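The values are calculated or read from the model by the stated rules, or taken from the named source; none is laboratory data. Predicted model, so just to flag it, every value in this text is computed and none were measured. Because the Cβ atoms are built from the backbone with ideal geometry, glycine has one as well, and the counts that use them run over all protein chains shown. These area figures cover heavy atoms from the full protein model, side chains too; ligands, DNA and RNA do not enter into them. Shrake-Rupley method; radii C 1.70, N 1.55, O 1.52, S 1.80 Å.
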Amino acid sequence: MSLLRLENVTKRFGGLLAVNNVSLELASGELIAIVGPNGAGKTTLFNVISGVFFPEEGKVIFEDRDITRLPAYRRAPLGLGRTFQIPRPFGSATVRENVAIGAMFGTLGSRINVDESLEMADRYIDLVGLQPHREKLAGNLTPVEKKMVEIARALAMKPKLLLMDEAMAGMNPKDIDYMVDLLIRIKEKEKIAIVAMVEHIMRAVAGLAKRVVVMHQGATFVDGPTADVLSDPRVIEVYLGGPSEKSKKDLVTNQTS
Amino acid sequence: MGMTGYVDFGYVTFIALGAYGMSLGITYFYQVEGLGIWIVFIGFLLALLLASLSALLEAFIALRLRGAYFAIACIGINEGLRHFIEGAKLWGGSEGLIFSGSLIQAVGRETANQLTTFWADLAVFIIAALAAFLNIHYMRSKIGYALTAVKEDEDAAKVMGVNTTKYKTIAFLTSGLLGASVGAVAWGLKLGYVFPGDVFVIHYTVECIVVVLLGGAGTLLGPVVGGLIYGLSKYWLAIIWPGFQLLIFAPIIIIIIVLFPEGVVGMLKNRVRGTALERYLL
Ligand SMILES: Nc1ncnc2c1ncn2[C@@H]1O[C@H](COP(=O)(O)OP(=O)(O)O)[C@@H](O)[C@H]1O
Ligand SMILES: [Mg+2]
């Protein structure tokens with residue numbers, strides 16, 4: 001049984017096909033990377049999976065249950081956690097409170113009280129390395145720290161699947177290495193599936209996931225083992241045609257290595 | 001009441017309807033044999049009923065509109081309700097309801113006097129105590145955490161599993177019931193009359209925003225504290241120095257707002273941040 005299955009999902013914004021007939025299957029505990037140029041429809045796909053938008057066509061199946069039209073707040077307790085492209089922790093709450101909110105309304109839901117949630121929060125704060133910031137207001141942290149708060153908060157929901165939008169955007173090489181290592185640790189330790197969306201940083205992809213999905217103009221046009229995908233001429237075409245000089249360089253470095 | 005960041009704007013309507021509920025109870029029931037002082041309780045119940053209805057309506061709107069649009073919608077409801085009462089000659093229309101005489105007829109002059117002074121003031125304090133109790137209870141429970149999440153970022157709250165509709169409705173109902181209670185006793189019972197032009201004017205919205213700022217925007221206890229400071233000092237100033245209260249009041253408010261930019265509760269909250277007291281002051 002697959003954990004998540006998308007069947008011919010289409011999402012339009014007016015005349016724009018943001019997600020075009022996407023089908024995708026993901027097994028429990030699997031870690032995949034989604035890459036693709038800006039505007040490819042990656043964030044929209046995440047929004048459809050997490051219930052921020054409903055698709056016009058197609059189905060979203062989570063653990064054999066059709067959740068296509070289930071409100072977002074009812075998906076979280078089923079085991080769907082996500083982070084946002086721009087980190088959105090609750091700024092006026094402390095790091096600990098942020099993470100505790102994840103525990104309170106996630107898969108444990110009614111079985112966990114406030115004090116237990118706060119205790120559980122500490123565990124995930126340690127996991128992402130935010131101990132020194134535990135009592136700080138999340139709004140006062142750096143962008144990278146905010147991203148960590150979001151990850152800890154999503155993990156405290158005890159999800160079966162974690163969707164990470166722009167897992168490494170705006171990070172320096174040191175942070176990227178830390179993040180790759182962290183995601184692999186999370187996958188092993190928490191036994192959850194992760195879909196990490198990585199826009200341009202191909203260098204990270206190779207070390208992170210065994211499977212890569214490339215999105216382009218709303219469609220998943222390549223899906224397969226990392227090494228194959230990174231050397232696929234169509235992928236190189238998309239990236240060489242893409243706007244970022246850096247992505248070309250990253251891709252080329254990857255190919256030669 | 002700043003609990004979700006929405007409720008501030010609906011507060012005027014809640015207080016106005018509270019004042020109307022009390023006035024209606026006394027106006028329409030004072031001649032009923034054997035009710036006596038119970039007409040005040042009937043008025044109070046009507047206040048709660050009207051406020052619940054409008055709280056549900058505003059929660060319904062808050063589920064669809066955000067930020068400035070919601071504020072405008074609230075002013076719209078406020079104005080709309082006022083013109084409806086005046087135009088449809090509902091509840092005395094633009095003439096309002098003057099019920100101090102009815103109250104005296106129903107319970108006697110002495111009791112009426114005590115009701116509008118001592119008991120009304122006591123009730124305001126009880127309502128404030130109740131608000132404080134609810135504050136503590138909410139903050140210790142998941143409700144407080146959910147409301148923080150909703151106030152900060154609704155979309156993020158939803159994907160975290162927070163049923164934003166449910167918690168917004170809780171916030172509006174709590175706020176509506178507390179607001180109506182204050183309106184019923186501090187405006188309705190205490191004054192003995194209600195005029196639509198009085199309770200629904202924009203000036204009144206402004207007054208409410210002053211109250212919220214005074215207490216601390218975005219805090220649950222803030223508007224109650226602000227309301228207490230504002231309401232009581234306005235009332236006592238009017239007694240001690242009639243005619244001059246507004247003259248004295250304006251500079252006092254300016255001073256308070258300059259000294260405590262985050263409101264009285266916000267200031268206290270900063271001071272106790274990191275201590276055990278903190279969670280009582282959200
Ligand atoms: N809420 C929205 N309303 C209208 N258009 C949108 C919205 N969100 C995304 N789009 C459009 O959908 C396309 C895909 O965007 P997005 O999913 O954000 O891409 P990516 O995350 O891959 O950069 C873009 O053309 C974008 O402008
Ligand atoms: Mg995106």
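For chain A, the dipole from Cβ point charges (+1 on Lys and Arg, -1 on Asp and Glu) about the Cα centre works out to 240 debye, to the nearest 20. Once Rg and the Kirkwood radius are both taken over the C-alpha atoms of region A:1-54, their ratio Rg/Rh works out to 0.97. The C-alpha atoms of chain A define a longest principal axis, and helix A:95-105 lies at about 90 degrees to it. Here the accessible area of region A:87-158 is 48 percent carbon and sulfur, with a 1.4 angstrom probe and all protein chains present.
In plain terms, the chain from A:Arg185 to A:Arg111 could stretch by 24.0 nm, reckoned as 0.36 nm per residue minus the Cα-Cα distance. Only Lys, Arg, Asp and Glu carry charge here, each on its Cβ (+1 for the first two, -1 for the last two); on that basis region A:87-212 has a dipole of about 380 debye about its Cα centre. Shielding of peptide A:20-29 by partners, expressed as the average count of other chain Cβ atoms within 10 Å per residue Cβ, is 0. Using a cutoff of 8 angstrom between alpha carbon atoms and counting only pairs six or more residues apart, the relative contact order for region A:1-148 works out to 19 percent.
Enter the mean number of other protein chain beta carbons within 10 Å of the beta carbon of each residue in A:78-88, as an integer. It would help to have the intermediate numbers written out before the result.
Working: counts 1, 0, 2, 3, 3, 2, 4, 0, 0, 1, 6.
So the per-residue partner count for this stretch is 2.
Here the relative contact order of chain A, from alpha carbon pairs under 8 Å that lie six or more residues apart, stands at 24 percent. From the largest down, region A:130-169 spans 28, 23, 14 angstrom on the principal axes of its Cα atoms. Across region B:12-201, C-alpha contacts under 8 Å between residues 6 or more apart give a mean separation that, scaled by the residue count, equals a relative contact order of 44 percent. Based on alpha carbons, the Rg and Dmax found for region B:12-201 are 18.2, 59 Å.
If both residues of a DSSP beta bridge must be in chain A, then about 55% of such bridges are antiparallel.
Here the Debye sum runs over all C-alpha atoms of region A:87-158 as equal scatterers in vacuum, and log10 of I(q)/I(0) at q = 0.23 Å⁻¹ comes out as -0.87. Most tightly packed first, judged by the mean number of other beta-carbon atoms within 10 Å of their residues, the peptides B:159-166, B:232-239 read B:159-166, B:232-239.
Within 10 Å of the Cβ of each residue in A:104-111, the mean number of Cβ atoms contributed by other protein chains is 3. Amide H contacts of A:Leu4 (H built 1.01 Å from N, in plane; Pro and chain starts excluded): A:Leu26, A:Glu63 sit under 5 Å, all sequence-distant by 5 or more or on other chains.
Which order do peptides A:148-161, B:113-126 fall in by mean Cβ count within 10 Å, highest first? Provide the component values of the computation, followed by the final result.
Numbers: A:148-161: 26.2, B:113-126: 15.9.
Ranking, from highest mean packing down: A:148-161, B:113-126.
Entry comment: accessible area of region B:12-201 is 43 Å² per residue, from protein heavy atoms only and a probe of 1.4 Å. The residues of region B:118-150 listed by number as losing at least 20 Å² of accessible area in the complex, against the isolated chain and with a 1.4 Å probe, are B:Lys142, B:Tyr145, B:Thr148, B:Ala149.
Here the accessible area is traced with a 1.4 Å probe on the protein chains. For region B:53-194, carbon and sulfur cover 66 percent of it. Between B and A, buried accessible area from a 1.4 angstrom probe totals roughly 2100 Å², ignoring ligands, DNA and RNA.
On a per residue basis, region A:86-165 carries 35 Å² of accessible surface, using protein heavy atoms and a 1.4 Å probe.
Based on alpha-carbon positions alone, could you give the equivalent ellipsoid semi-axes of chain A from the gyration tensor, as √(5λ), descending, whole Å?
Taking √(5λ) for each eigenvalue gives 29, 22, 16 Å, largest first.
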